[in-house]
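K.L.:
Here's a structure for you.
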C-alpha cells in the first residue's frame with residue numbers, strides 16, 4: 001500500500017492520537033472538506049491506520065489496512081455509541097440507529113383543539129376543547145431531525161408497497177413533517193421513545209391547519225370542518241376515504257406526482 005504519511009499536531013487534554021481512518025472515493029467535487037460534499041452512490045473505500053510517534057512525540061500516519069465491520073464495532077463501543085439489543089414490539093417496522101418507523105391502528109382518542117381563527121359555522125370547535133374523536137391508522141417515521149406522520153389506507157400492518165395517505169392531524173406540514181413548535185423532542189430513537197413521539201402528535205393543541213393542508217382531504221368544508229363534524233357526531237371510525245394519497249414529485253422539474261409507498265419513504269429517509 002502506498003505511503004500516505006501525514007503529520008499532525010499533538011492533541012491535548014490527555015488524549016493520545018492512536019489511529020486514523022482515511023476515506024477514498026472515485027468521484028465527487030474537488031477539495032471537498034466534508035462528507036456532505038461526497039456524491040451519493042460514488043464508489044468508496046476506507047482504510048484504518050496506526051499512528052506512530054517520533055522521538056519528539058509528533059504523530060505520523062503509518063501504512064494501513066482495509067476498514068472492516070469489526071473495526072467499526074470496536075470504535076463505536078469506544079465512542080460510547082453502542083446500540084443495545086432491544087425486543088421489538090409487533091407494531092415496529094424499522095429499528096435503526098438513525099431511523100425508527102412504526103404504525104398504530106385506528107382508534108378513538110382524546111384530541112386537543114384551540115383554533116386561533118375558527119371559521120364561522122362550527123358546531124363544536126369554535127371554542128377551546130378536549131374531546132374524543134376517531135383517528136385513522138397512522139405511520140410514524142422518526143429520524144434524528146424530523147418526525148414524519150402519515151395515515152394508512154387500511155387498519156393493518158403496512159408493507160413496503162402500501163401507498164401512504166396524508167395525515168389529518170393539524171400539526172403536520174404538507175410534506176408530512178410534524179410541526180414541533182414548543183413541543184419537547186424525544187432525545188433518542190429508542191423503542192422506549194415511541195410513546196413520547198406519539199404524545200407529541202396526539203396530546204398537543206391543534207391551533208390551525210398548516211399551509212396547504214386543506215388540500216389533503218376531499219369533499220366539502222376542508223380539514224377543520226371535517227374535524228368539527230367528527231367532534232359533533234362522535235362516530236367510531238374516521239372516514240379514511242376522505243384522505244388524499246400522499247404524492248411526491250419526480251421527473252424533470254418535478255412534473256410528475258407519484259404515490260409515496262412505505263418502501264420508498266424508508267429508502268429516501270436512509271439516504272438523507
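The values are calculated or read from the model by the stated rules, or taken from the named source; none is laboratory data. Just so we're clear, the structure is a prediction, and the values are computed from it rather than from any experiment. Glycine gets a Cβ as well: all are built from the backbone with ideal geometry, and neighbour counts include every protein chain shown.
K.L.:
On the basis of being in a loop (DSSP other than H, G, I, E, B), touching a strand residue (DSSP E or B) at 6+ places or on another chain (Cβ under 6 Å) and within 17 Å of residue 265 (Cα to Cα), does residue 175 make the cut?
P.N.:
On the way: in a loop (DSSP other than H, G, I, E, B): yes; touching a strand residue (DSSP E or B) at 6+ places or on another chain (Cβ under 6 Å): no; within 17 Å of residue 265 (Cα to Cα): yes.
No; evaluated as a whole, the condition is false for this residue.
Rundown of residues vs (1) under 30 Å from residue 133 (Cα atoms); (2) part of a helix (DSSP H, G or I), yes/no style:
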position	(1), (2)
55	no, no
61	no, no
74	no, yes
93	yes, no
100	yes, no
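K.L.:
Still on this structure: Does residue 143 satisfy the criteria of being in the same structural domain as residue 231 (by TED's automatic domain parsing) and farther than 18 Å from residue 204 by Cβ?
P.N.:
Numbers: in the same structural domain as residue 231 (by TED's automatic domain parsing): yes; farther than 18 Å from residue 204 by Cβ: yes.
Yes.
K.L.:
Further question on the same structure: With respect to residue 212, determine if the residue is touching a residue at least 60 places away in the same chain (Cβ under 8 Å) and at positive phi. Quick ask: steps written out before the conclusion?
P.N.:
Numbers: touching a residue at least 60 places away in the same chain (Cβ under 8 Å): no; at positive phi: yes.
No, not satisfied.
K.L.:
OK, next. Has segment 195-214 got any residue that is loosely packed, with under 15 Cβ neighbours inside 10 Å, within 19 Å of the chain's Cα centre (by Cα) and either part of a loop (DSSP other than H, G, I, E, B) or modelled with pLDDT of 90 or more (or both)?
P.N.:
Yes, segment 195-214 contains at least one residue that is loosely packed, with under 15 Cβ neighbours inside 10 Å, within 19 Å of the chain's Cα centre (by Cα) and either part of a loop (DSSP other than H, G, I, E, B) or modelled with pLDDT of 90 or more (or both).
K.L.:
Residues that are more than 25 Å from the chain's Cα centre (by Cα), within 18 Å of residue 181 (Cα to Cα), at pLDDT 95 or above and not in a loop (DSSP other than H, G, I, E, B): does segment 105-121 have at least one?
P.N.:
Yes - at least one qualifying residue is present in segment 105-121.
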